[in-house]
Amino acid sequence: MGTYAQNIKVRGNATAAVDKQPMIGLTVLVKGTTNGTITDFDGNYELNDVPKNGTLVFSMIGYKTQEVKLNGQTVVNVVMQDDVETLAEFNLQMQQNSD
């Protein structure tokens, strides 16, 4: 019998650090794969077929990308931090394009 990586189901919730509100539409991706999803209206997500020792990548424009190594965890909740530099650059570009 050969050995194989055991895959698991992972679920969790994402909130914004600044106001503790749910992160709607946050991208959740298994690093190095195309296996991903987005959070729902309540900030919840669920992913199937995730490597037990994989890494989840949480991202959204205007927030710092987070990577979380699973180490067998099946529930991963994240608090997303604002990325003020990215927002400032985006606003500057929008102003320049509107002139």
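Coordinate-derived values only; no laboratory data. All values reported here derive from a predicted model rather than from experimental measurement. FYI the Cβ positions are ideal-geometry reconstructions off the backbone, even for glycines, and counts take in every protein chain you see.
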(request) Kindly indicate the residue of the range 29-45 that is part of a loop (DSSP other than H, G, I, E, B) and of a type in the set (S, T, N, Q) and also surrounded by the fewest Cβ atoms within 10 Å (Cβ to Cβ) among those meeting that condition. (result) 34
(request) Being touching a Ser or Thr at 6+ places or on another chain (Cβ under 9 Å) and part of a strand (DSSP E or B) is the filter; apply it to the range 51-63 and report the residue that is farthest from residue 79 (Cα to Cα). (result) 51
(message) Take the conditions surrounded by fewer than 13 Cβ atoms within 10 Å (Cβ to Cβ) and assigned to a strand (DSSP E or B) and apply them to residue 71. Does it pass?
(response) no
(message) On the basis of being touching a residue at least 12 places away in the same chain (Cβ under 8 Å) and closer than 21 Å to residue 84 by Cα, does residue 41 make the cut?
(response) no
(message) Can you list residue pairs whose Cβ atoms sit under 7 Å apart, with the first residue in the range 16-28 being part of a loop (DSSP other than H, G, I, E, B) and the second being among the small types (Gly, Ala, Ser)? Count only pairs 6 or more apart in sequence or on different chains.
(response) 23/14; 23/16; 23/43; 24/43; 26/14
(message) Go through the range 57-79 and report how many residues are touching a Lys or Arg at 6+ places or on another chain (Cβ under 7 Å) and touching a residue at least 40 places away in the same chain (Cβ under 8 Å).
(response) 4
